[in-house]
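**Student:** Following this message is one structure expressed as C-alpha cells.
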Amino acid sequence: MKKYYFTVVSSLLLILSFIAFSDNLITDIGQESNSDPKFIIHGLLMFAWFGTFLAQSYFILRKKINAHMKWGRVGFILAIAVFVSTLYIFIAIFKGWEAMEPFVKANRLLMLSFATFILLAYLHRKNATKHKRFVFWAIVLPIEPIIGRVSEVFLVDNWELFYVLVWHTFFASFFIYDWQTLRRIHPISWAGLAWFYTAWAISLYT
C-alpha cells in the first residue's frame, strides 16, 4: 500500500472520470454540452489534470524524481486552468445560492479547497510528507460531479448513500495510508476531513 497507493488512487479517479462522462465521450456525443465551448474546455482540462496526476504517481513509483518535478509544474498550471474554467462555469450558470441543491452548494465550497490545497501543495513541494497530503485532499474533495454521474451510469437508487460510501472509502484508505507510513494520522488529513464535514454542514443548513 505504501508503494502503490497514489498510483492506485490516481488510476481509479481517472477510470471513474471516464465512466462518469462516458455519455459525452461515447454514448451520447450529440448532446448539447458537447457543443458548448466552456464545457468542452473544462472537460479536457479535467482529464489532462487527472492524467498528469497519474503520470506523476508513476514517476515517483519508478523513482524518476526529476520527471515528477517537471510534470508537477505542468500539473500546477493545469490545476489553475481547471479552477478558472470551473469558476467560469459556476458564474455562467449561477442563479442564486438559495436555488442550489445542497450537493451543488457543497461542490462549490469544495472547489475552494481544491485551489487552496493545490497552492499549499506547490508551496510545500520540497516537503514530501505535506506535499502528497495536500495533493490528495485537493483532488478527492471536489469529486461530487464524478460520483453523481457514476451513480447515474450504474442506476444507483440511493445516491446519497453512494456519495457517502465512495467519499469515505477514499478517506478511510488515506487514513490507513497515513497510519502505515507515519504511525499516526497527519494533521493535514484531519484538516481535510474537517473541511469536508464543514462544507456539507454549510450546504445543508444554509
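The values are calculated or read from the model by the stated rules, or taken from the named source; none is laboratory data. None of the values given here were measured: they were computed from a predicted structure. Note: ideal-geometry Cβ built from the backbone for every residue, glycine included; neighbour counts use all protein chains shown.
**Student:** Report every pair of residues separated by at least 6 positions or lying on different chains whose Cβ atoms are under 8 Å apart, first residue within region 181-195 and among the basic types (K, R), second assigned to a helix (DSSP H, G or I).
**Tutor:** Here the result reads R184/D178, each pair linking region 181-195 to a residue that is assigned to a helix (DSSP H, G or I).
**Student:** Can you find a residue that is farther than 24 Å from F59 by Cβ and surrounded by 19 or more Cβ atoms within 10 Å (Cβ to Cβ) anywhere in region 167-188? Working first, answer last.
**Tutor:** Within region 167-188, the first condition is being farther than 24 Å from F59 by Cβ, and the residues that meet it are 167-169, 171-172, 175, 179, 183-185, 187.
Add one more test, that the residue is surrounded by 19 or more Cβ atoms within 10 Å (Cβ to Cβ), and what stays is none.
There is no residue in region 167-188 that is farther than 24 Å from F59 by Cβ and surrounded by 19 or more Cβ atoms within 10 Å (Cβ to Cβ).
**Student:** Can N107 be described as among the polar types (S, T, N, Q), at pLDDT 90 or above and more than 20 Å from the chain's Cα centre (by Cα)? Outline the logic, then answer.
**Tutor:** Details: among the polar types (S, T, N, Q): yes; at pLDDT 90 or above: yes; more than 20 Å from the chain's Cα centre (by Cα): no.
So N107 fails the test.
**Student:** Within region 74-120, how many residues turn out to be in contact with a helix residue (DSSP H, G or I) (Cβ under 8 Å, 6 or more places away or on another chain), outside any helix (DSSP H, G or I) and loosely packed, with under 13 Cβ neighbours inside 10 Å?
**Tutor:** Qualifying residue count for the region: 0.
**Student:** Please determine, by comparing only the residues of region 110-138 that are among the aromatic types (F, W, Y) and farther than 28 Å from L161 by Cβ, which one is farthest from the chain's Cα centre (by Cα).
**Tutor:** Y122
**Student:** Let me ask something additional. Would you please name the residue that is farthest from L12 (Cα to Cα), looking only at residues in region 57-73 that are free of Cβ contacts under 8 Å to residues at least 40 places away in the same chain and part of a helix (DSSP H, G or I)?
**Tutor:** N66
**Student:** Limited to region 48-73, what total is found for residues that are loosely packed, with under 15 Cβ neighbours inside 10 Å and of a type in the set (A, V, I, L, M, F, W, C)?
**Tutor:** Residues that pass the stated criteria total 3.
**Student:** Please report, ordered by residue number, the helices (runs of 4 or more DSSP H) entirely within region 121-206 with at least 2 residues that are under 23 Å from L14 (Cβ atoms) and of a type in the set (D, E, K, R).
**Tutor:** Helices (runs of 4 or more DSSP H) meeting the threshold: 128-140, 144-153.
**Student:** Out of L61, L16, report the one residue that is farther than 15 Å from I146 by Cβ and modelled with pLDDT of 85 or more.
**Tutor:** None of the others qualify; the one that does is L61.
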